[in-house]
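Have a look at the structure below before the remarks.
The values are calculated or read from the model by the stated rules, or taken from the named source; none is laboratory data. As the structure is a prediction and not an experimental result, all values here were calculated from the model. With ideal geometry, Cβ positions are generated from the backbone for all residues, glycine too; neighbour counts draw on all protein chains shown. For the accessible areas, the whole protein counts, side chains as well, though only heavy atoms, and no ligand, DNA or RNA atoms are used. Shrake-Rupley method; radii C 1.70, N 1.55, O 1.52, S 1.80 Å.
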Amino acid sequence: MTASAAPIASKLSALLAARVVPVLRYTDAATAAYAAEVAVAAGCTTLELTWTIPGVTDLVRALRDKHGASLLLGVGTVLDESQAREALVAGADFLVSPALATDIVDMAHAAGALCLLGAFTPTEVLAARRAGVDVVKVFPADTGGPKHLAALKSVYPDTIFCPTGGITQENMGTYFAAGAGLVGIGSNLYDKAAFAARDTAALVAQITRTREAAHG
């Protein structure tokens, strides 16, 4: 195993062990930071912060300074090499794109980071595999549902799939049964009323239940 492959393998193992990746997409950094700290308090060991968060790279650095290497930090909605480079310089452990941004794969691996690319059809999954992607993000997952994922898994049994979009605590079991290696959960991870009220205790309890259900 090469020097760059070693940390990548370790990060992939950590990502798969987490089972649930909170996907944080907010219009201001303070709200995203609060959501991140709630998730960490609930025991989440990995977070995806979308590029659409203002100042997302500063948030990555702040979370790294506070939590160190114990937290696997990803930047999502990465669409090109420029965004990928900024995210990696900030210390991202993995990059996520909703599409086949194949030009960011080698860049991520060179920095010892993972790369997850979005794919929805068998042709797109094959393109992602040929690009050397670590995980295929099936997005939007709820458009095709678990049956769609199961069909993709039957054709590509050795591919790690991460369905994202419309995943909830209640339905994620059907995605795991269909072949998901892990799932990404966005706003459904947080009760909207509790989040608006900043009811941290209720939110931590909710996320803890989701994590426990994923490992059940």
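Quick notes on this one:
- The residues of the range 169-187 that are open to solvent by 40 Å² or more (accessible area, probe 1.4 Å) and either among the hydroxyl-bearing types (Ser, Thr, Tyr) or assigned to a helix (DSSP H, G or I) (or both), listed by number, are Gly173, Thr174, Ala177, Ser187.
- Subset of the range 188-204 (residues that are without any contact (Cβ under 8 Å) to a residue 24 or more places away in the chain and assigned to a helix (DSSP H, G or I)): Asn188, Lys192, Ala193, Ala194, Ala196, Ala201, Ala202
Residue-by-condition table, conditions (1) open to solvent by 70 Å² or more (accessible area, probe 1.4 Å); (2) in contact with a Gly (Cβ under 9 Å, 6 or more places away or on another chain):
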| site | (1), (2) |
| --- | --- |
| Ile160 | no, yes |
| Ile167 | no, yes |
| Leu189 | no, no |
| Lys192 | yes, no |
| Phe195 | no, no |
| Ala201 | yes, no |
| Val204 | no, yes |
| Ala214 | no, yes |
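- Any chance Ala14 is open to solvent by 10 Å² or more (accessible area, probe 1.4 Å), free of Cβ contacts under 8 Å to residues at least 24 places away in the same chain and either closer than 22 Å to Gln169 by Cα or not acidic (Asp, Glu) (or both): no
- Qualifying residue in the range 57-70 (condition: without any contact (Cβ under 8 Å) to a residue 60 or more places away in the chain and over 22 Å from Ala18 (Cα atoms)): yes
- Scanning the range 89-104 for residues that are surrounded by fewer than 23 Cβ atoms within 10 Å (Cβ to Cβ) and touching a residue at least 24 places away in the same chain (Cβ under 8 Å), we see that the one that is farthest from Arg25 (Cα to Cα) is Thr102.
- Taking the range 100-146 as the range and being assigned to a loop (DSSP other than H, G, I, E, B), small (Gly, Ala, Ser) and more than 15 Å from the chain's Cα centre (by Cα) as the test, the residues that pass are Ala101, Ala111, Gly112, Ala131, Gly132.
- Test result for Thr52, farther than 17 Å from Val105 by Cα, among the hydroxyl-bearing types (Ser, Thr, Tyr) and outside any helix (DSSP H, G or I): yes
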